[in-house]
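Here's the structure we're looking at; comments come further down.
Derivation of every value follows stated rules applied to the coordinates shown; laboratory data play no part. Bear in mind that the values here come from a model prediction, so they are computed numbers and not experimental data. Note that we place each Cβ from the backbone using ideal geometry, even for glycine, and neighbour counts take in every protein chain shown.
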Amino acid sequence: MSEAATAADVVALISMSLRRERARTGLSLTEVAKRAGLAKSTLSQLENGAGNPSLETLWALAQALDCPLSRLVDPPRRGIQVIRAGEGPVLHAEHAAYEAAMLASCPPGARRDIYRVIGQPVAPHLAPPHLPGTTEHLIIGSGRVLAGPEGEAVELGPGDYLRYPGDVPHIFDALEPDTSGVIIMEHV
């Protein structure tokens with residue numbers, strides 16, 4: 001995806017990726033929608049390039065298709081890539097002031113994705129469990145956050161690092177405006 005990707009470009013890429021991943025799994029539209037907890041019509045619209053899926057919807061679809069989220073929004077490619085601050089495909093949470101920009105998707109044979117995240121102290125971003133065996137690494141660049149598994153979240157500030165299981169419910173609760181960091185997701 002180019003650095004100047006528009007929202008329409010991101011939606012088109014997601015549409016193509018959903019069709020590709022559903023074909024890879026051999027699952028019907030009905031079965032993927034059921035596994036993701038979505039209406040079949042919603043999934044059909046997304047596969048046809050209509051709609052603007054939230055981060056939560058894309059996570060549910062990635063789980064249903066047994067693939068990393070990155071495979072739906074930014075397929076891996078070779079070569080040098082520069083993503084300037086504020087650029088790249090950005091996904092927004094549905095119920096929180098939280099966004100994640102894909103920085104590096106997992107190349108073939110590797111099992112990690114890298115995201116730049118920004119949160120606002122409006123409502124916490126509650127993430128459902130990702131694929132079994134997922135580990136998340138969070139490094140805070142600015143602001144303060146309460147992050148980690150529900151019930152075990154810790155407060156972090158600039159330069160702080162946290163490793164935690166991503167296959168359990170977890171939280172990113174920005175305590176200051178424009179709290180930002182980098183999340184590295186490892187998949188087994």
Counting sequence-distant residues (5 or more places) and residues on other chains, those with an amide H built under 5 Å from that of ARG144 are LEU175, GLU176
The answer for the net charge of residues other than LEU65 whose Cβ lies under 9 angstrom from its Cβ, with Lys and Arg +1 and Asp and Glu -1, is +2
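In deg cm²/dmol, rounded to 500, what helix-only [θ] at 222 nm does the chain give when every DSSP H run of at least 4 residues adds -39500 (n - 2.57) and the total is split over its residues? Display every interim value, and only then the final one.
Numbers: 5 runs with 49 residues, N = 188.
About -7500 deg cm²/dmol.
Ranked by Cβ crowding within 10 angstrom, fewest neighbours first, how are HIS125, HIS187 ordered?
Values: HIS125 25, HIS187 20.
By the 10 Å Cβ count, ascending, the order reads HIS187, HIS125.
Given segment 7-73, what whole percent of its Cα pairs are spread farther than 14 Å? Could the numbers behind the result be given before it?
Numbers: 1063 of 2211 pairs.
Distances greater than 14 Å cover 48 percent of the Cα pairs.
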